Amino acid sequence: MQTFTNTCDGRAVSSATSFESRNPATGEVLGRVPNSSAEEVARAVAAAKAAQPAWAARPDAERKDLLMQVADVLKANAEYLATWVTREQGKPLGGIGPDQVPGSRFELWGCEVWTRVPASLDLPVELAFEDETRRDEVHRRPCGVVAAITPWNWPLLIAIWKIIPSLRVGNTVVLKPSEYTSIGTLEMVRLIAEILPPGVLNTVSGGGEVGGWLVDDPRVDKISFTGSSTTGARIAATAARHLTPTTMELGGNDAAIVLPDADPKAIAMGLFWGAFLNMGQTCACAKRLYVPDALHDAVVAELKALAEAMPMGDGMQPGTVMGPIQNRMQFDKVRRLVDEARAAGATIVCGGTPPGGPGHFYPVTLVTDIRDGASLVDEEQFGPVLPIVRYREVEEAIAAANRLDTGLGASVWGSDVEAARAVATRIQAGTVWINQHGAIHPMVPFGGVKGSGWGLEFGIDGLKAVTRPQVISVKKA
Ligand code: NAD
């Protein structure tokens, strides 16, 4: 059984103890992951700290060129890394392109694109003010050492979202992947760190305790976290002690609102993938659907037909569209929420009963006759279950969308785009999509409001988020 290694200061690092990583589709042990000690975490931060000035001092064009080489390495190793994502995270291999299942190959394609785009962007000096007496310029400086902590749902892509913008502007990085999906991430970093100077990109691995040591290190200059709101709050409390700036991409409970003029057939496929991408284990999936009385049965029928047509199984098998839930804890949460809804009188339109056998498989499940206040509506299920809530007036649906303390994404579906836009502007969410959901793009800023966090990733705003502004103010003669 192979024990994988961390990367620290350009070298492979093992730890005294290690833990298993398992395939969620089969239960098979895939390999062992080092349990980084507190000393190893401190060493990784020290390596990043030591490497940072020289990395930041390199000509911009050199950093850009190296990151384009990182993109080439990701492309060249895409199949190897996609296989790790499928075996460790569960999503099917799938393919790339609009007609393909968005699985691990799509995740690796995303890694390459989310590398090339930030690598090609610049943060030019901004002129804040100028008259005959003074000139005030805003320059962007790297923060220093970025501590990046990632979840298990899109393990490689979310790591890339943190690594590449940070490196682009002259920071160095210490990354801690989720303990559920470490191997693919450690392997990706091992491969791309080969073309970077030692210490520029480092990893540590283990559970929450290891992440806790990392964010509590006073030499960390910026924390970039994606994960649950509960963990985010803990990290924010630690960061407050050191006054370390943070970007927090936290949980969501995105509402999707179907307007009365929507065409159920036309929107069904978009709604389905908006809710069930990666088996619903996506931060910005539609997690509660609001449908007007008149369209309710038609929308449910369209979604049910799609749900029942999607083969579920081991993502390594060709033809698989839906994989397992990634871990037992999440599986138990999904099962509890559906069981509570059923016990309270909701209708399980399809799914609702796990098939049993090895693997954390839970079928795509649609739940109707359910209202706001039910745990399945109010808690983030983060799995293949969608509660569908009827409404009478659009005002009711807007109020329902806004009533929870989350605000990552939301979507509005209708034929009249201007009417949909008017509804969208009233929803409290970082992004409101119209006739699509979760349609992120490397040039478009992404982030949450309310309990879903703060700060932005992607595009120019994402680059700015890993810098600190410095004003150069010149008095004119
Ligand atoms: P989690 O919060 O349990 O874990 C995330 C990471 O934090 C893991 O690496 C974990 O080891 C680490 N961690 C745990 N305790 C820590 C501590 N005290 N200090 C430092 N690090 C600690 O989240 P998860 O279950 O892996 O991911 C699912 C959640 O992530 C969902 O709520 C989902 O909505 C959210 N998410 C958000 C986004 C977004 O962009 N907003 C994207 C993906 C997932």
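The values are calculated or read from the model by the stated rules, or taken from the named source; none is laboratory data. From a predicted model like this one, the values you see are computed outputs, not experimental measurements. FYI the Cβ positions are ideal-geometry reconstructions off the backbone, even for glycines, and counts take in every protein chain you see. The area values use the complete protein model at the heavy-atom level, side chains included, leaving out ligands, DNA and RNA. Shrake-Rupley method; radii C 1.70, N 1.55, O 1.52, S 1.80 Å.
Kindly indicate the residue of the range 16-51 that is of a type in the set (S, T, N, Q) and touching a Ser or Thr at 6+ places or on another chain (Cβ under 8 Å) and also farthest from Trp213 (Cα to Cα) among those meeting that condition.
This residue is Ser21.
Residues to consider are Ser182, Ser229, Ser224; find the one that is within 30 Å of Val394 (Cβ to Cβ) and outside the structural domain of Leu271 (by TED's automatic domain parsing).
So the residue among Ser182, Ser229, Ser224 that is within 30 Å of Val394 (Cβ to Cβ) and outside the structural domain of Leu271 (by TED's automatic domain parsing) is Ser229.
Which ones in the range 161-188 are within 13 Å of the ligand (Cβ to nearest atom), among the hydrophobic types (A, V, I, L, M, F, W, C) and either out of contact with any helix residue (DSSP H, G or I) (no Cβ under 8 Å at 6 or more places or on another chain) or under 19 Å from Ala44 (Cβ atoms) (or both)?
Passing the criteria: Val174, Leu175, Leu186.
Given the structure, is Ala147 part of a helix (DSSP H, G or I), among the small types (Gly, Ala, Ser), touching a residue at least 12 places away in the same chain (Cβ under 8 Å) and open to solvent by less than 10 Å² (accessible area, probe 1.4 Å)?
Here the answer is no, as Ala147 does not meet what is asked.
Of everything in the range 179-204, what is under 16 Å from the mean Cα position of the chain (by Cα) and buried (at least 24 other Cβ atoms within 10 Å of the Cβ)? Give them in sequence order.
Thr181, Ser182, Gly184, Thr185
For the range 330-344, does any single residue satisfy the condition of being basic (Lys, Arg), out of contact with any Gly (no Cβ under 8 Å at 6 or more places or on another chain), in a strand (DSSP E or B) and modelled with pLDDT of 95 or more?
No, the conditions are met nowhere in the range 330-344.
Can you tell me which of Ser36, Ser15 is open to solvent by less than 40 Å² (accessible area, probe 1.4 Å) and over 27 Å from the mean Cα position of the chain (by Cα)?
Exactly one residue qualifies, and that residue is Ser15.
Consider Thr230 against the criteria (1) out of contact with any helix residue (DSSP H, G or I) (no Cβ under 6 Å at 6 or more places or on another chain); (2) closer than 20 Å to Val432 by Cβ: it satisfies all of them except one. Which criterion is unmet?
So Thr230 meets the others, but not (2).
Can you tell me how many residues in the range 125-158 are away from the ligand (no atom under 16 Å from the Cβ) and out of contact with any strand residue (DSSP E or B) (no Cβ under 9 Å at 6 or more places or on another chain)?
2
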